[in-house]
Structures are given as C-alpha cells and as structure tokens.
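What follows is calculated from the coordinates using simple rules that are stated; it is not laboratory data. What you see is a predicted model, and the numbers here were worked out from it, not measured in a lab. Here Cβ is always computed from backbone atoms with ideal geometry, including for glycine, and neighbour counts include all displayed protein chains.
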Amino acid sequence: MASRIASKEELACLPTLEGDINYPLWSLCMRNFMKNKDLWTTITVAPVANPARAVKKQLNDSASVIAMKLSNRLFVDIVTEENKDSGYLLWTKISKRFARYTTICFNQCSADWQNVKYQGHMLNFLDKVQRCLTNFASIGHPMQSRDICGYII
C-alpha cells in the first residue's frame, strides 16, 4: 500500500488532479515524487508480460499513489478493474487524456503567455511566467531559454 512508500505528510503535499486546469502542475509534482520514490520507470515504461514480484509491488504502489491524488469525479472515470493495480496503465490513461498536444491547447498556452504582464509585483509576475512554462511543457512544447528571456526582457 502507498503508506509504506509515502507518509501522510508527503501525500498531502501532492496536488489532487482536478482535470485540465491543474494537470500541468499535478504531472510535474507526480513526476518528481515518483522519481524520488524510484517509481518513475514503473509508470513510464510498459511492464513485461509476467513481471517479477518486486515490479508488481512497484506497479501497485504507484497505482495507489496516483489513485489517491485523483478527484472523486476523475477517479470513477479513470480507475477501472483492469488498471487499478497498475501505475503504468493509470499514468498512460491520464497522460493520453490530459497531455494531448492539440492546436486548441497550444493556442490557449500562447494566449496565456501573451497576457503575462509585469504589474508592479515581481513575485506575481514570476508565478505567472512559471505557470505558463509549466502549461507549455505539459503539452510537449517546452519553451526555449532564448524565447523566455526575449519575452521577459
């Protein structure tokens, strides 16, 4: 169970996936958490047909963490009898649903980027820049450093 791989405090620090609105932040937080717990490969690389006991445990542990960090609305839609014990299957289903690179997503990210303006508060400005960069990264379009610097300057 996830309680063996993560404390309540660690899990409480992870955001709950609500949908498109917070997928970029959620996926980055989950990525960092899973890497820290040595579960990243478990959820990003398809397991072999008959995985070893240790791999099954990792798949189950990662599935538990992912499932706990889904909103109730998404949980009933995403978690099924077939994928409830596989972090890989859950992660794949969530990624396919929310991390699609579409023209609409790109246009929304671009519009948000163009609307970021410095309004006298540096911390707020940097938060907005970071949010936009996270959104671009979540659709597979990370911004280049020169583009970021060119816009900020």
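Over 18 Å between Cα atoms, which of Lys56/Lys84; Lys8/Lys128; Lys37/Lys93; Lys35/Lys57 qualify?
Going by Cα-Cα distance, Lys8/Lys128; Lys37/Lys93 fall outside the 18 Å limit.
What does the C-alpha gyration tensor say about the overall shape of the stretch 87-153? Classify as rounded when a/c is under 1.5, otherwise prolate if a/b is larger than b/c, or oblate. Prolate is the answer for the stretch 87-153, as a/c is 1.5 or above and a/b outweighs b/c. Using C-alpha pairs below 8 Å separated by at least 6 residues, the relative contact order for the stretch 103-150 is 33 percent.
Near Lys128: Cβ cut-off under 13 Å, other residues only, Lys/Arg at +1 and Asp/Glu at -1. The net charge is 0.
Normalised by the number of residues in the chain, the average gap of Cα pairs under 8 Å and 6 or more apart makes the relative contact order 24 percent. Asp77 sits among other residues whose Cβ lies under 15 Å from its own Cβ, and their net charge, with Lys and Arg +1 and Asp and Glu -1, is +2. Within the set (i) 2.06; (ii) 1.17; (iii) 1.30, the number that Cα Rg over 2.2 N^0.38 Å takes when calculated for this structure is listed as (ii).
Once both labels are positioned 7 Å from their Cα atoms along Cα-to-Cβ, the gap between Gln130 and Arg73 label points is 2.6 nm.
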